[in-house]
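Since the structure comes first, as structure tokens, the remarks are kept for the end.
The values are calculated or read from the model by the stated rules, or taken from the named source; none is laboratory data. Keep in mind it's a predicted model, so treat the numbers as computed, not measured. Quick reminder, even Gly has a Cβ in these numbers, built from the backbone with ideal geometry, and neighbours come from all protein chains shown.
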Amino acid sequence: MPTPWQYRFAQNAQSTQSSAIRELLKVTQNPEVISFGGGLPAPELFPVEEFKAASDRILTQSPTAALQYSTSEGYSPLREMIARQMDKYGMKLGLDNILITTGSQQSLDLVSKLLLNNADRILVENPTFLGALQVFGIFGARYVTVPIDDDGLQTDLLPEAFRSGPKFMYVIPTFQNPGGVTLSLKRRDTLIALSDQYGIPILEDDPYGQLRFEGETLPPLQTLDAARLKTTDGYRDGNVIYLGSFSKTLAPGLRLAWISAPPEVIAKLVQIKQGADLHTPIFVQMMAYETARDGFLERHIEKIREVYRDRRNVMLAAMDEFFPPEVHWTQPSGGLFLWVRLPEGMVSAELLRSALKMNVAFVPGNSFFATDEKAGDRYFRLNFSNMTPERIREGIHRLAKAIREAMKA
Ligand SMILES: Cc1ncc(COP(=O)(O)O)c(C=O)c1O
């Protein structure tokens, strides 16, 4: 029997489900469990002392500004710092191009409110970030999917996919979640040209771009779009809405991120944000700015890269050593994840059950597939940022055992 509340829930709210990862994270609270599940940064890298000192300075020097209501656009010094940071990626942004948000998860929500009508289609990578699917689902989105390979989104399939008239494309070009793959420069150029030709905007989600372990930095899609426009007065008429985040470079608990887009888009998003939460906590914005300024963030990111590079290497080496040859996985050059394909006929959700008995966790592939969850049966995602190298090696050893036993069965 449905409860009275179930009749009261709005249509789009009825179909929402708790994310598989959030559910899984409950299990992994147990310290015995070696979790490759959530996308959690390494906690020992959080700049706790720097936050303490920043908080002290702010509450001594500007307590009123830090604790009073503030502007919806966000703290200007922080937006200026973001503009300087994006300049390094070849992107010239003015303050009117930048809105501070309460995490990229909120950015996804605000952009959905801005662009989506019920039953609009979104073009997404297959697989894609399940947190985005969760947001889009609340707006009644439908999907058209395009597969990824080792070079990211298969752009040759886009013209065909555009026939269903997607409202926008949602793309994670660098160190994709969950795939760990990166869109090649050639495909980036193709994507920008097609977006212009067909008039379909791009929502570029880039929480991992700064966490590159090796190889050449690739320009964000927004940078390439700006280059296409050849304008001298900043990013005004472009097709790309870019999402950046401090979750993986400072700390996810800050809930701090930003959107950069043409001023017309930002102005509308500011109004939508006012309705959502007025503004991102100003104290948090000031803390992030005070901590990150004067080169600290760059030095800190360098440290994160070193630690994650080492963990990625340990995980890949252990997989080479212990996993059966029938299992395949991606070789990420940065970010937090790699993506594993099991032999034909195996189901990762079943493997998770036996892995959990050995106190190892990962995220089965299904929930990363927008339209056909079954397509994710053979896949699962591994996170390498959160566990120490010793635990990574031990966890992969146990997981290999679970895989071999399942293969025998
Ligand atoms: C691709 C992608 N987008 C957005 C987010 C959410 O980031 P934030 O912590 O800034 O809300 C994540 C977090 O894991 C992510 O992987």
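Listed values, structure above:
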quantity: Residue within segment 228-238 that is buried (at least 24 other Cβ atoms within 10 Å of the Cβ), without any contact (Cβ under 8 Å) to a residue 60 or more places away in the chain and of a type outside the set (Gly, Ala, Ser) present; calculated: no
quantity: Condition check for Leu116: away from the ligand (no atom under 13 Å from the Cβ), closer than 30 Å to Tyr143 by Cα, under 18 Å from the mean Cα position of the chain (by Cα) and at pLDDT 95 or above; calculated: no
quantity: Selection within segment 224-250 - over 18 Å from Arg79 (Cβ atoms) and among the polar types (S, T, N, Q); calculated: Thr231, Thr232, Asn239
quantity: Subset tally (residues that are at pLDDT 95 or above and either hydrophobic (A, V, I, L, M, F, W, C) or touching an Asp or Glu at 6+ places or on another chain (Cβ under 8 Å) (or both)) for segment 371-391; calculated: 6
quantity: Condition broken by Leu256, with the remaining ones in (1) within 15 Å of Met81 (Cβ to Cβ); (2) over 20 Å from the mean Cα position of the chain (by Cα) satisfied; calculated: (2)
quantity: Segment 25-54 - residue that is of a type in the set (S, T, N, Q) and surrounded by 16 or more Cβ atoms within 10 Å (Cβ to Cβ) and, of those, modelled with the highest pLDDT; calculated: Ser35
quantity: Single unsatisfied condition, Arg309 versus (1) within 16 Å of the ligand (Cβ to nearest atom); (2) surrounded by fewer than 18 Cβ atoms within 10 Å (Cβ to Cβ); calculated: (1)
quantity: Members of segment 242-294 found to be more than 25 Å from Met169 (Cβ to Cβ), aromatic (Phe, Trp, Tyr) and either within 11 Å of the ligand (Cβ to nearest atom) or in contact with a strand residue (DSSP E or B) (Cβ under 9 Å, 6 or more places away or on another chain) (or both), listed by number; calculated: none
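Conditions tested, residue by residue: (1) at pLDDT below 95; (2) aliphatic (A, V, I, L, M); (3) in contact with a strand residue (DSSP E or B) (Cβ under 7 Å, 6 or more places away or on another chain).
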site: Leu99; (1), (2), (3): no, yes, yes
site: Arg121; (1), (2), (3): no, no, yes
site: Glu125; (1), (2), (3): no, no, yes
site: Ala141; (1), (2), (3): no, yes, yes
site: Thr155; (1), (2), (3): no, no, no
site: Leu158; (1), (2), (3): no, yes, yes
